[in-house]
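The values are calculated or read from the model by the stated rules, or taken from the named source; none is laboratory data. Only a predicted model underlies this, so the values are computations on that prediction, with no experimental measurement involved. Cβ placement follows ideal geometry from the backbone for every residue including glycine, while neighbour counts extend to all protein chains displayed. Accessible surface areas use protein heavy atoms only, side chains included; no ligands, DNA or RNA. Shrake-Rupley method; radii C 1.70, N 1.55, O 1.52, S 1.80 Å.
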Amino acid sequence: MYDIIIKNALIVDGTGADAYQADVGIRGERIAAIGDLSQGEAGRVLDAEGKILAPGLIDMHSHADATILGYPTMDSMLRQGITTFVGCQCGHSIAPVGKYWECNQAIYDILCDMSDKLFPDMYDRDYYTPTPETLPHIKRLFGYDADFTTFGEFLDKVDAHGLSGNMITLIGYNSIRMNCMDPDEPKTPTAEEKRAMQALIDEAMEAGAFGISTGLDYKPGAFCTTEELTEMTSSMKRYGGIYFTHWRKTGLRTGTPKKQKKIDGIREALEIGMKNGIQVEISHLSTGFDVFPANDDFMQKAAAQRTLQVIDEYIARGANAYFDVIPNITGGTIIAPDLIALFRPWYAYTGGIDLFVENLKHPDYRKQLSDYILAGRYFRLNPIIQPDWDESLSVIGCTNPARVGKTVKEIARERGVSSLEQVYDLMVEDPYVKVFAATHSMNKFAVQEYYNHPRAMVGNDTFVFDLKSSIRYDPKYPHKKPNPNTYCGFVKYMTEFGQPRFEDTIRKASGLPAQVLGLTDRGLVKEGFRADLILIDRENLKTNENLIEPQVYPEGIPYVLVNGQFVVDGSQLTGRLPGGVIRRQSR
């Protein structure tokens, strides 16, 4: 007797092997049998005729740990087939909790509420909020008490709270460094500070973290030397842990950062891995080279190939390295579709966009604004670091339909004005004009090139939400919304960036990450394995991706099981909580 029989399924098992037709019997949390179960009995029989049965997908790069206690049913993940995520990325982990609580984009509104500034800067000192002051806001926004201090207490809190899917965690090096030494001081830690940080690393690893993550474009990670990182990640070897890294790419994201060779950031990560004899996961891989003009498809693809060549050279020398790739060119975490959102610091001072737009009608005001931007003092719109910014900014929604589909540069050329003047004119013409800003140095050809590599996996680089989020959207102060990846990134990967064989597409999002993470009973459709399974209606698989209103679910994954229980049933979320924290075992 089985609890569930899924019959007539086309099984894509996650190994990359050819698909085959069979029934699957589930008993308790595990797959009990695969084969002809036509004579078997079960509490529920689901006919999967015409559908693909695959392992639950594994998101290798997530920030869902920051919101998971507020959204434990993991709606936005489950609806795209993700049953397990690896959180605490880019050096940020929600625990341990010390003197400071590290701000992130999901709780930016808290930062605004707490700060005495009209426009607090997430990449400056404001990034660190005093813990006692932050906790009541967390309760108000997410509905839970952040009554944990250690990493282990956080994991216990998640398990006690309940979870629909599975969470894998890392210890964020930025988070521990900011609480063990001055987060704003670019100095080498003392021996005492290193001991304090190592104690937090040891506690997290013993509690079940899978490794350590760094974020080297953010304070205080940007202050770390290669020697410090090598020393402080060396303990990963005895724990069997992995070094996940947001490598050095942009530099500190304020003003005009000091120019650096991005490929050296990748080399640094691989050198650390080789010196310590540890596994490396390069986070959200993008080109290691600056390409200009950035929209040259041939050059983007060539830069991607050269980036991979560098990684392959290290692998040939013995580096145990893998990487994940974001399945779009919109970046991760959030988007801000309103063009005017680029100018939030200015309309924050005018009490909303009305007066700001009125000011834009005056040439002297425009000159002050242009002087500031052209001097490279504003990172978000900086022609010095991105000289072809106007080619990467396309209008996707406007009261004037003639503008839609064109870049800022194209519209400016038609009108015989500068691109910056055209931006001002667009906002005066329609304060709510919507734009798509392609991630610099990435296009779809480069993304595909990375996914074609045998060591590539998938990471959405987003938080977890339901159809609402913790980010308030006020039309008077247009700002951030969840990135579309939050809802459909893995469906976009399967439909737009997959491999010639669907079996290989699924392997990169299930069997391969399970192998890399050392999971011995997940990631495959195999007898004895956990019944983390998804049914894919491939003919009707659609992202429903929306760059303006991103909070919409995809289609084509009508059933999702976690540990043998339906968490999505007939495209409806059940609210069941059969998942929990997966804790690292010694390897």
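Can you give me the Cα centroid spacing of region 152-174 and region 489-521 in angstrom? The distance from the Cα centre of region 152-174 to that of region 489-521 comes to 23 Å. Averaged over residues, the count of other Cβ atoms within 10 Å places the peptides 387-400, 198-211 in the sequence 198-211, 387-400, highest first.
Pairs from the table (406/480; 361/444; 157/187) lying more than 31 angstrom apart at Cα are 361/444; 157/187. Taking the accessible area of the chain, probe 1.4 Å, and keeping the other protein chains in place, the carbon and sulfur fraction comes to 49%. The value of relative contact order for region 32-91, using C-alpha pairs under 8 Å at least six residues apart, is 40 percent. For residue 574, enumerate residues with amide H under 5 Å from its amide H, sequence gap 5+ or separate chain, H modeled in the peptide plane. Result for residue 574 returns 568, 569.
Applying a threshold of 18 Å to the alpha-carbon distances of 367/481; 139/219; 117/258; 249/275; 409/434 flags 367/481; 139/219; 117/258; 249/275 as lying beyond it. Computed from point charges on the beta carbon alone (+1 for Lys and Arg, -1 for Asp and Glu), the dipole magnitude for the chain about its Cα centre is near 700 Debye. Relative to the longest principal axis of the Cα atoms of the chain, helix 191-207 runs at roughly 40 degrees. By how many degrees, 0 to 90 and rounded to 10, does the Cα axis of helix 485-496 deviate from the longest principal axis of the chain? That helix lies at roughly 70 degrees to the long axis. Among the GluC sites (Glu not before Pro) in region 33-113, those placed in a DSSP loop whose Cβ has at most 15 other Cβ atoms within 10 Å are 41, 49. Rounded to the nearest 500, the 222 nm mean residue ellipticity of the chain from helices alone is -9000 deg cm²/dmol, with -39,500 (n - 2.57) taken per DSSP H run of at least 4 residues.
Amide H contacts of residue 529 (H built 1.01 Å from N, in plane; Pro and chain starts excluded): 31 sit under 5 Å, all sequence-distant by 5 or more or on other chains.
Counting only protein heavy atoms and a 1.4 Å probe, region 271-426 has 42 square angstrom of accessible area per residue. Both radii come from the Cα set of the chain: Rg as radius of gyration, Rh as Kirkwood radius; their ratio Rg/Rh reads 0.97. The residues of region 1-142 present an accessible area of 35 Å² per residue when probed at 1.4 Å with all protein chains retained.
When the inverse distances between all different Cα atoms of region 246-319 are averaged and flipped, the Kirkwood radius reads 13.3 angstrom.
Projected label points at residue 354 and residue 377, each 7 Å from Cα along the beta carbon direction, are separated by 2.8 nanometres. In this structure, residue 159 and residue 139 have a Cβ-Cβ separation that, at R0 = 35 Å, corresponds to a calculated FRET efficiency of about 0.95. Between the C-alpha center of region 430-449 and that of region 207-238 there is a gap of 31 Å.
Against the longest alpha carbon principal axis of the chain, how many degrees, from 0 to 90 and to the nearest 10, is the axis of helix 262-276 turned? The answer is roughly 40 degrees. With a Förster radius of 25 Å applied to the C-beta separation of residue 296 and residue 370, the computed FRET efficiency comes to 0.40. When you restrict to C-alpha pairs under 8 Å that are six or more residues apart and normalise by the size of region 134-217, the relative contact order lands at 38 percent.
Using the Karplus relation 6.51 cos²θ - 1.76 cosθ + 1.60 with θ = phi - 60°, the per-residue 3J(HN,Hα) values for region 161-169 come to 6, x, 8, 6, x, 10, 10, 10, 10 Hz, with x marking Gly and Pro.
The DSSP beta bridges internal to the chain are antiparallel in roughly 55% of cases. Computed from label points 7 Å out along Cα-Cβ, the spacing between residue 185 and residue 549 is 5.1 nm. Can you give me the relative contact order of the chain as a percent, contacts being Cα pairs under 8 Å and 6 or more apart? Once divided by the residue count of the chain, the mean separation gives 22 percent.
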